[in-house]
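Peer 1: Dumping the structure here so I can ask a few things about it.
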Amino acid sequence: MTSRVFSGIQPTGQITLGNYLGALKQFVALQDQADAYYCVVDMHAITMPQDPDQLKERIKDLASLYLAVGLNPEKSTLFVQSDVSAHSELGWILQCLVHMGELSRMTQFKEKGEGKEAVSAGLFTYPALMAADILLYQSHLVPVGEDQKQHLELTRDLAIRFNARFGDTFTIPEIMLLKQGARIMSLDDPNKKMSKSNPNPGSRIEMLDPPDVIRKKISRAVTDSDRFIRFDPEAKPAVSNLLTIFSLVTDQSIEDVVSAYDGKGYGDFKKELGEALVAHLTPIQTRYAEIRNSGEIERLLHLGAEKARATAATTMEAVRKNVGLGS
Ligand code: AMP
Ligand code: TRP
């Protein structure tokens, strides 16, 4: 049996190089080996306030980027979460299974809720909906960045608890983390992850940043106090982050990049990193513009939703029966 892969990204803000290297690039590699489902998780996006018109556009932006980086709708099922109502349905059932204590230990909730006057209940129960996303498709593998590890562990716990209480219903999913690239750090502070919600745009490379912006952001990226280019995430987190990015976008090992810059300064290194990023991202940006303007994206998403609905319906039938719901 081919294994089932599931992952999702929220349509909030511009997709960063961190999302790409930590998640999207793996999605593409996996579509040739597995039966992959990739979702635009718009229901998760509304756990924080969103402007409706902007959300609509961002859903299509993100789906277009899925295609531009190389996801192929003939190989993978690409769809929007809210197009498949079973996500909300199973999300509710899992909310009734998860414990308040488990949800309050989630670091993403603590970080996103911190300092806010009003936090939605949806932000708190977010992991139950995420577990529903994954379990609906009987997924084996979930490729994500390191920040999602805790949510995945909770998903596994919920699947095990559900199966024990109601009989075998769900496949227990495994998390798939990339070794390098699982956590790309901010360009202005190597102790924080690169994020689309950081107020400083200089902290991240966005997938659609024009070449000059990419070059400028890299040239301004912070470095560490000595002048040596070596990989040591503890002692030299900033340079190590830039080395990770360099190695991933040029498909070279970190050792090869380090030896190529032996005896050279940060100036040359950053200049060439900027060029390598521009060379890697320009073809993606060209494809993105073609796809986003083609009007094809809605049709593809409708087809994807139909396929997803059919798979989800089979799981929901078993869930309802096992839990004892319905007339
Ligand atoms: P989000 O932006 O929170 O919707 O995240 C979408 C996916 O990108 C998730 O799998 C995250 O783990 C991954 N991701 C987000 N930021 C980074 C980062 N800085 N480094 C690596 N992966 C990331
Ligand atoms: N919570 C994930 C994030 O913020 C997005 C997400 C929602 C997801 N549902 C998922 C990721 C299911 C993997 C599988 O990045």
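The values are calculated or read from the model by the stated rules, or taken from the named source; none is laboratory data. This one's a predicted model, so the numbers in the text were calculated from it and none came from an experiment. In this analysis, Cβ positions are derived from the backbone assuming ideal geometry, glycine residues included, and neighbour counts consider all displayed protein chains. In case anyone asks, the SASA skips ligands and DNA or RNA and just uses the protein heavy atoms, side chains included. Shrake-Rupley method; radii C 1.70, N 1.55, O 1.52, S 1.80 Å.
Peer 1: Looking at Leu65, Leu103, Leu123, Leu97, can you tell me which residue is of a type in the set (A, V, I, L, M) and under 19 Å from Ala318 (Cβ atoms)? Talk me through it step by step, then tell me what you get.
Peer 2: Numbers: Leu65 fails: under 19 Å from Ala318 (Cβ atoms); Leu103 fails: under 19 Å from Ala318 (Cβ atoms); Leu123 fails: under 19 Å from Ala318 (Cβ atoms).
Every option except Leu97 fails the conditions.
Peer 1: So in region 1-20, with the set limited to residues that are part of a loop (DSSP other than H, G, I, E, B) and over 15 Å from Gln108 (Cβ atoms), which one is farthest from ligand 2 (Cβ to nearest atom)?
Peer 2: Of all residues in region 1-20, those part of a loop (DSSP other than H, G, I, E, B) come to 1-3, 10-15.
Checking the rest, the ones that are also over 15 Å from Gln108 (Cβ atoms) come to 1-3, 11, 13-15.
Values: Met1: 20, Thr2: 19, Ser3: 15, Pro11: 10, Gly13: 11, Gln14: 15, Ile15: 11 Å.
Result: Met1.
Peer 1: Out of everything in region 21-32 that is more than 16 Å from Ser203 (Cβ to Cβ) and within 11 Å of the chain's Cα centre (by Cα), what residue ends up being nearest to ligand 2 (Cβ to nearest atom)? Explain how you work it out, then say what you get.
Peer 2: Within region 21-32, the subset more than 16 Å from Ser203 (Cβ to Cβ) is 23-32.
Right, trim to within 11 Å of the chain's Cα centre (by Cα) and you get 23-27.
Numbers: Ala23: 7, Leu24: 11, Lys25: 15, Gln26: 11, Phe27: 10 Å.
Here the answer is Ala23.
Peer 1: Okay, next question. For a quick check of your reading of the model, give me the residue pairs whose first member lies in region 192-211 and is touching a residue at least 24 places away in the same chain (Cβ under 8 Å), whose second is within 15 Å of ligand 1 (Cβ to nearest atom) and acidic (Asp, Glu), with beta-carbon atoms closer than 8 Å and at least 6 apart or on different chains.
Peer 2: Short answer, once both residue conditions are applied: Lys193/Asp147; Lys196/Glu206.
Peer 1: Further, regarding this structure: Please work out which one of (1) closer than 19 Å to Asn191 by Cα; (2) among the polar types (S, T, N, Q); (3) surrounded by fewer than 12 Cβ atoms within 10 Å (Cβ to Cβ) is the condition Ser253 fails and give its number.
Peer 2: (1)
Peer 1: Within region 193-207, how many residues are under 14 Å from the mean Cα position of the chain (by Cα) and within 15 Å of ligand 2 (Cβ to nearest atom)?
Peer 2: 5
Peer 1: While we're looking at this one, here's another question. Restrict the check to region 270-279 and report whether at least one residue is free of Cβ contacts under 8 Å to residues at least 40 places away in the same chain, in a helix (DSSP H, G or I) and touching a helix residue (DSSP H, G or I) at 6+ places or on another chain (Cβ under 6 Å). It would help to see each step written out before you state the result.
Peer 2: First, pick out the residues of region 270-279 that are free of Cβ contacts under 8 Å to residues at least 40 places away in the same chain: 272, 276, 279.
Narrowing the set further to residues that are in a helix (DSSP H, G or I) leaves 272, 276, 279.
Next, only the ones that are touching a helix residue (DSSP H, G or I) at 6+ places or on another chain (Cβ under 6 Å) stay: 276.
Yes.
Peer 1: When you scan region 256-269, how many residues do you find that are surrounded by fewer than 16 Cβ atoms within 10 Å (Cβ to Cβ) and free of Cβ contacts under 8 Å to residues at least 24 places away in the same chain?
Peer 2: Filtering region 256-269 down to residues surrounded by fewer than 16 Cβ atoms within 10 Å (Cβ to Cβ) leaves 256, 259-260, 262-265, 267-268.
From what is left, the residues that are free of Cβ contacts under 8 Å to residues at least 24 places away in the same chain are 256, 259-260, 263, 267-268.
Of the residues in that region, 6 qualify.
Peer 1: Follow-up. List every residue pair whose Cβ atoms lie under 8 Å apart, where the two residues are 6 or more positions apart in sequence or sit on different chains, the first residue falls within region 54-72 and is more than 17 Å from Glu290 (Cβ to Cβ), and the second residue, located anywhere, is acidic (Asp, Glu) and open to solvent by 10 Å² or more (accessible area, probe 1.4 Å).
Peer 2: Leu55/Asp42; Ile59/Asp42
Peer 1: Hey, Ala131 hits all of (1) within 16 Å of the chain's Cα centre (by Cα); (2) farther than 21 Å from Lys321 by Cα but one; which does it fall short on?
Peer 2: Ala131 satisfies every listed condition except (2).
Peer 1: Return only the number of the condition from (1) within 20 Å of Arg105 (Cα to Cα); (2) open to solvent by 10 Å² or more (accessible area, probe 1.4 Å); (3) within 14 Å of ligand 1 (Cβ to nearest atom) that Thr155 does not satisfy.
Peer 2: For Thr155, the exception is condition (2).
Peer 1: Find the residue count for region 144-176, including only residues that are of a type in the set (A, V, I, L, M) and within 18 Å of the chain's Cα centre (by Cα). Before you say what the answer is, go through the steps one by one.
Peer 2: Pass one, region 144-176, residues of a type in the set (A, V, I, L, M): 144, 152, 154, 158-160, 164, 172, 175-176.
Pick out the ones that are also within 18 Å of the chain's Cα centre (by Cα) and you get 144, 152, 154, 175-176.
Counting residues in region 144-176 that are of a type in the set (A, V, I, L, M) and within 18 Å of the chain's Cα centre (by Cα) gives 5.
Peer 1: Here's another thing I want to ask about it. Among what's in region 171-208 and is open to solvent by less than 50 Å² (accessible area, probe 1.4 Å) and of a type in the set (S, T, N, Q), pick the residue that is nearest to ligand 1 (Cβ to nearest atom).
Peer 2: Among residues in region 171-208 that are open to solvent by less than 50 Å² (accessible area, probe 1.4 Å) and of a type in the set (S, T, N, Q), the one nearest to ligand 1 (Cβ to nearest atom) is Ser195.
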